[in-house]
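Taking it in order: structure first as structure tokens, then the write-up.
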Amino acid sequence: MELSEKGGVENNGFVQNEAVDDRGTNPSTQEEMPKACVVDVDAAATEEPVLKPYAGMPKEVLLKFSSQAQYRVTREILFWLTIATAVLLVCSTIAIIALSPKCLDWWQAGPIYQIYPRSFRDSNMDGNGDLKGIQEKLDHITYLNIKTIWITSFYKSPLKDLGYGVEDFYDIDPMFGSMSDFENLVAAIHDRGLKVIMDLIPNHTSDKHQWFQLSRNRTGKYTDYYIWQDCGQAEGSITPPNNWVSVYGDSSWQFDDVREQCYFHQFGKEQPDLNFHNLAVQQEIQDIIKFWLGKGIDGFSFSAVKYLLEAKHLRDEPLVNKSQNPENITAYSQLYHDYTTTQVGMHDIIRSFRHTMNQFSSEPGRYRFMGSDGDEKEDMEATMMYYGTTFVEEADFPFNFNLVNMKNLSGNSIFEAVNLWMKNMPAGKWPNWAVGSPNAARLSSRIGKEYVNVMNMLLLTLPGTPVTYYGEEIGMENIASESVTFPEKSPMQWDGKVNAGFTEGNSTWLPVNPDYQSVNVEIQMTWSNSTLNLYRELTSLRNDELPIHRGWMCYIWNDSNVFVYVRELDGLDRVFLMVLNFGQESTIDLKAVVPNLPPKATVRLSTNFSNAGKAVNTDQIKTEMGEGLILEYKTAKPVHTMKAFQTNCFVAEKACYSSAFNLLYATC
């Protein structure tokens, strides 16, 4: 139908009044239609509105214009540009992921702070530290830039061995609080962005544990939960099955009157060893791990794991001194422990612990850390086995106490302790360092208070994860009293008030060190040159500077007085040079050792704060007894690229820095 026939108005490509009803043209319906009502309308009101050009286009007109070259080519260009941009973004994302180094996990990113809970802070005035006390002092931990808290054993226990003989793995000793207190503590720790790990000693239980009580009565599956053997009896005395000796000395077999057999214990007689040859025992430990991970903890430190299995043949262990009378063997050091430590299958059990923990590590940011104790210092190869392999995971690292176990202090001995770990550590694994422990004398008492600051500087500038035992950040000392059984576990010294702010009660479970009025957190926060403020400056430097928390480490020099090394990162021309004095006053010419060193370097941080910012000549670097310097300089030739030093350089997680894009990448 033509436009004119429909009464429409042509308007540059679209039709006005197109939907006019055609029913009026049918004569058969005219009688049925009502008569129209005639209304006078102003002619001006019926005038058609003025229509703007291109107010709308039907499909046909749109296609007419869109087929023109100027529109079609533009459209195609925009389409392919969009596709190319999308492909470029996808490729860039893949390239960044492929080239980026592995991000440091939370257990690698900062120091671990180890707390002995009975001595940290008492919240209920009974003289014993507790879980609520730890929660009260979380601000101190964040002040130190600490990332992870390690709480030693607080399970329900008769406390025969400071809580390491556990009566109930699923409960908390009332001395430390309740399960509700623990849950509140974990929530408070996580609210501050921190992580928490706890001890687990799977090797043995207390003789008060329900499992042992059922086992000594030969009740069901618990009959073989522990290691039982018949003992010889002659003239009223008990003859043990073999010559095995406990860690604490004397026979490791104890006769039980109820079962009328001997049970095996590697530690105290109140701590019977579990029978890990029994798969039901292994499953019990797996269930304990799941229970505490379900409570929200971020990892475990497994202790005494090398004792998990014993040889079934029960042969006598060989004597260290073969000429010694076997009947006179009473000390642990008099035997080679070939049949009671690190037995075949022990690492399989540890791997099963790791497998269980991995089940709780699938959520982003919720990786569960696993640490273990190592073997003896003399058997470093055995210690390194706890790292596992590339394809078989075990511990993230075995805790490293080389710096604690040193027999004397010098630049050379520090080098030997550090190098012993680094040269034996499997490629790609992560190191760790501790300078204090609940089982060793305080750092200040062990090496001398004049060396505490330089030792903390070493701890916080070495590659890997540093571990600080509570109180070492202020230089606490052992209690100087022969009547005190555990002088290294004295209450934390918070301030100069009565009982050092540890408790508001009248007594403490161990005496407070008499030096608490001058060695405490409160007073050291006011001293710019204090051990506490130096510790905080070191943790801040570690967090802020890429070369220190994930770069190369290269040994430069060591002698009887000093230990010198650098920390550097590919792509950065900024290098940190540590000159640490563990002996007497010393002056060294490092320019002669490393010819590419610039003639001057700037003191970035010093154990003597007044030296910060000064320039020193690299051919004549002087340090006082116990002084530590962190020097900064720029160079285009890093030490780790020099052939003469390549055997002295280590890196755990290799990374390179791009100044153009301000990011790290893996392929240097």
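The values are calculated or read from the model by the stated rules, or taken from the named source; none is laboratory data. Remember, predicted model here, so these are calculated numbers, not experimental data. Ideal geometry is used to build each Cβ from the backbone, glycine not excepted, and the neighbour counts take in all protein chains shown. The protein model used for the area step is the full one, side chains on, heavy atoms only, and it has no ligands, DNA or RNA in it. Shrake-Rupley method; radii C 1.70, N 1.55, O 1.52, S 1.80 Å.
For residues in the range 210-234 being surrounded by fewer than 23 Cβ atoms within 10 Å (Cβ to Cβ), among the polar types (S, T, N, Q) and modelled with pLDDT of 95 or more, which is farthest from K137 (Cα to Cα)?
Per the stated criteria, the residue is Q229.
Kindly indicate whether any position in the range 396-406 is within 22 Å of C649 (Cα to Cα), under 23 Å from the mean Cα position of the chain (by Cα) and open to solvent by 40 Å² or more (accessible area, probe 1.4 Å).
There is at least one residue in the range 396-406 that is within 22 Å of C649 (Cα to Cα), under 23 Å from the mean Cα position of the chain (by Cα) and open to solvent by 40 Å² or more (accessible area, probe 1.4 Å).
Just one of T152, T142 is closer than 30 Å to L538 by Cα and either buried (at least 16 other Cβ atoms within 10 Å of the Cβ) or of a type in the set (K, R) (or both); which is it?
Matching residue, one of T152, T142: T152.
Might you check whether a residue that is buried (at least 19 other Cβ atoms within 10 Å of the Cβ), hydrophobic (A, V, I, L, M, F, W, C) and modelled with pLDDT of 95 or more occurs anywhere in the range 238-248?
Checking the range 238-248: at least one residue is buried (at least 19 other Cβ atoms within 10 Å of the Cβ), hydrophobic (A, V, I, L, M, F, W, C) and modelled with pLDDT of 95 or more.
Is there a residue in the range 550-567 that is more than 26 Å from the chain's Cα centre (by Cα), within 30 Å of F120 (Cα to Cα) and among the charged types (D, E, K, R)?
No: zero hits.
Do any strands (runs of 3 or more DSSP E) entirely within the range 586-668 hold 1 or more residues that are β-branched (V, I, T) and surrounded by 13 or more Cβ atoms within 10 Å (Cβ to Cβ), and if so, which?
In the range 586-668, the matching strands (runs of 3 or more DSSP E) lie at 586-588, 600-606, 615-617, 621-623, 628-634.
Go through the range 261-293 residue by residue and tally those that are in a helix (DSSP H, G or I) and in contact (Cβ under 8 Å) with a residue 40 or more places away in the chain.
So the count comes out to 12.
For the condition under 29 Å from K269 (Cβ atoms), among the acidic types (D, E), part of a strand (DSSP E or B) and open to solvent by less than 50 Å² (accessible area, probe 1.4 Å), what is the one hit in D207, D171, D199, D161?
D199
Within the range 540-569, restricting attention to residues that are of a type in the set (D, E) and buried (at least 19 other Cβ atoms within 10 Å of the Cβ), which residue is nearest to Q108 (Cα to Cα)?
It comes out as E545.
Taking into account only those residues within the range 116-139 that are open to solvent by less than 10 Å² (accessible area, probe 1.4 Å) and small (G, A, S), which is farthest from the chain's Cα centre (by Cα)?
Here the residue is G127.
Being free of Cβ contacts under 8 Å to residues at least 40 places away in the same chain and either of a type in the set (G, A, S) or in contact with an Asp or Glu (Cβ under 8 Å, 6 or more places away or on another chain) (or both) is the filter here, so list the residues in the range 626-654 that pass it.
Within the range 626-654, A644 is the sole residue that qualifies.
Do we find that Y516 is of a type outside the set (G, A, S), in contact with a helix residue (DSSP H, G or I) (Cβ under 6 Å, 6 or more places away or on another chain) and within 30 Å of A500 (Cα to Cα) in this structure?
Yes; evaluated as a whole, the condition is true for this residue.
Any idea how many residues of the range 168-192 are in contact with a helix residue (DSSP H, G or I) (Cβ under 8 Å, 6 or more places away or on another chain) and either of a type outside the set (G, A, S) or within 19 Å of R368 (Cα to Cα) (or both)?
Counting residues in the range 168-192 that are in contact with a helix residue (DSSP H, G or I) (Cβ under 8 Å, 6 or more places away or on another chain) and either of a type outside the set (G, A, S) or within 19 Å of R368 (Cα to Cα) (or both) gives 14.
Quick one: in the range 101-115, of everything that is among the hydrophobic types (A, V, I, L, M, F, W, C) and either open to solvent by 10 Å² or more (accessible area, probe 1.4 Å) or at positive phi (or both), which residue is modelled with the lowest pLDDT?
For the range 101-115, the residue satisfying everything is C103.
Scan (1) part of a strand (DSSP E or B); (2) touching an Asp or Glu at 6+ places or on another chain (Cβ under 7 Å); (3) without any contact (Cβ under 8 Å) to a residue 24 or more places away in the chain for the single condition H337 breaks and write down its number.
(1)
Taking Y470 and the conditions (1) within 19 Å of the chain's Cα centre (by Cα); (2) surrounded by fewer than 23 Cβ atoms within 10 Å (Cβ to Cβ); (3) of a type in the set (F, W, Y), which numbered condition does it fall short on, given that it satisfies the others?
Just one mismatch for Y470, condition (2).
So which residues in the range 390-426 are free of Cβ contacts under 8 Å to residues at least 24 places away in the same chain and farther than 29 Å from D559 by Cβ, if there are any at all?
Result: F391, single match.
Being assigned to a helix (DSSP H, G or I) and either in contact with a strand residue (DSSP E or B) (Cβ under 7 Å, 6 or more places away or on another chain) or among the β-branched types (V, I, T) (or both): is that true of I238 here?
Spelling it out, it is not the case that I238 is assigned to a helix (DSSP H, G or I) and either in contact with a strand residue (DSSP E or B) (Cβ under 7 Å, 6 or more places away or on another chain) or among the β-branched types (V, I, T) (or both).
Can you tell me which residue in the range 180-196 is surrounded by the fewest Cβ atoms within 10 Å (Cβ to Cβ), limited to those that are touching a residue at least 60 places away in the same chain (Cβ under 8 Å) and in a helix (DSSP H, G or I)?
Out of the qualifying residues, it is A187.
Residue pairs, Cβ under 6 Å, 6 or more apart or interchain, first in the range 101-120 and in a loop (DSSP other than H, G, I, E, B), second hydrophobic (A, V, I, L, M, F, W, C) and open to solvent by less than 10 Å² (accessible area, probe 1.4 Å). List them.
Final answer for the pair search is P101/A655; P111/I146; F120/I134; F120/M492.
I'd like to know if the range 620-640 contains one or more residues that are at pLDDT 95 or above, over 28 Å from M476 (Cβ atoms), among the charged types (D, E, K, R) and touching a Leu at 6+ places or on another chain (Cβ under 8 Å).
Within the range 620-640 (the criterion being at pLDDT 95 or above, over 28 Å from M476 (Cβ atoms), among the charged types (D, E, K, R) and touching a Leu at 6+ places or on another chain (Cβ under 8 Å)), the answer is yes, since at least one residue qualifies.
Looking only at residues in the range 324-382 that are surrounded by fewer than 19 Cβ atoms within 10 Å (Cβ to Cβ) and basic (K, R), which one is modelled with the lowest pLDDT?
Result: K377.
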